[in-house]
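These notes are about the structure you will find just below.
The values are calculated or read from the model by the stated rules, or taken from the named source; none is laboratory data. From a predicted model like this one, the values you see are computed outputs, not experimental measurements. Don't worry about glycine lacking a Cβ; one is built from the backbone with ideal geometry, like all the others, and counts go over all protein chains shown. Ligands, DNA and RNA are stripped out before the accessible areas are found, and what is left, the full protein with its side chains, is counted by its heavy atoms. Shrake-Rupley method; radii C 1.70, N 1.55, O 1.52, S 1.80 Å.
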Amino acid sequence: MSSLCSVASGSSFCACKFCGSKFLKTTSQCQIITVHTVTQFTPSPVISCTESVPQGANISQITVDTEHGQSQSSNQSTSSTVLRDVHISANLMEDFLELAKDNTEKDLETCGTLGAFLKNGTFYVTTLIIPKQECTSNSCQATNDEEVFSIQNEQSLFPVGWIHTHPSQKCFMSSVDLHTHYSCQVMIPEAFAVVMAPTDTSRSYGIFRLSDPGGMSVLKECQEQGFHPHKETTDGSPIYEHCSNVYTNSNLRFEIFDLR
């Protein structure tokens, strides 16, 4: 996959208004709206967002089973800067897998990009965009990037992450994945990559970022393309690591644009 940096019909989200880059929302402005999978690239006039979080809303940090860690990844953040928290819907990964099901059954990867708004120092992922794409069993190339950029720009979204499947592989970041993610993380330090590996019996998903400065420096200097090994980091840290600043939010709703 390169340059990315259903909900089933009947899902609901809380509709809010945006005025330029300013976020305006009150409890009285919220209303429940039915969302259907978008099949054209023209953005919907309605933007999904978080509702006011009531007492008892479930916000959970995503943890990793360290028993099945990868040799090139770490469970501890090495970031030299303080990362802002990121909230994603508790249903996001499951809904993406459902949309990717046809490709997964054919052993083809599927990719999507995640858009968020920033409020009070926290990123809230409210949009999943699945672009037109060319897929193989170990790669996914997004096409017509201008359609993705149009949605992000119109809705004032930050491209904080991307998600893709490994239909028949383990849950890890390939060298191609690392280069794809570098272009995201160099713009937004909180950028994260979600890998869905439904056939990996030890770990079905992972949420990763490049270690900083170790992994970021290695990728910055690497000029190779395709699948290839990377050199060790100068500080001895793994090239990539599990994100410790990403949380699932049971009250967060999101909109999906399926452009395929």
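Assorted remarks:
- Legend: residue pairs 106/170; 119/170; 106/220; 101/132; 101/170, Cα-Cα distance threshold 24 Å; pairs beyond threshold, 119/170; 106/220.
- Taking 7 Å steps out from each Cα toward its Cβ at residue 119 and residue 217 produces label points 3.9 nm apart.
- Probe 1.4 Å, accessible area per residue of the range 109-260, Å²: 36 Å²
- Percent accessible area from carbon and sulfur atoms, the range 127-246, protein chains only, probe 1.4 Å: 51 percent
- Where N is the number of residues in the range 99-140, Cα Rg divided by 2.2 N^0.38 Å: 1.52
- Taking each residue as 0.36 nm, the span from residue 150 to residue 90 lengthens on full extension beyond its C-alpha to C-alpha distance by 19.0 nm.
- Among the chymotrypsin sites (Phe, Trp or Tyr not before Pro) within the range 154-260, those in coil by DSSP and having at most 15 neighbouring Cβ atoms inside 10 Å are 227.
- Difference of contour (0.36 nm per residue) and Cα-Cα distance, residue 232 to residue 59: 58.7 nm
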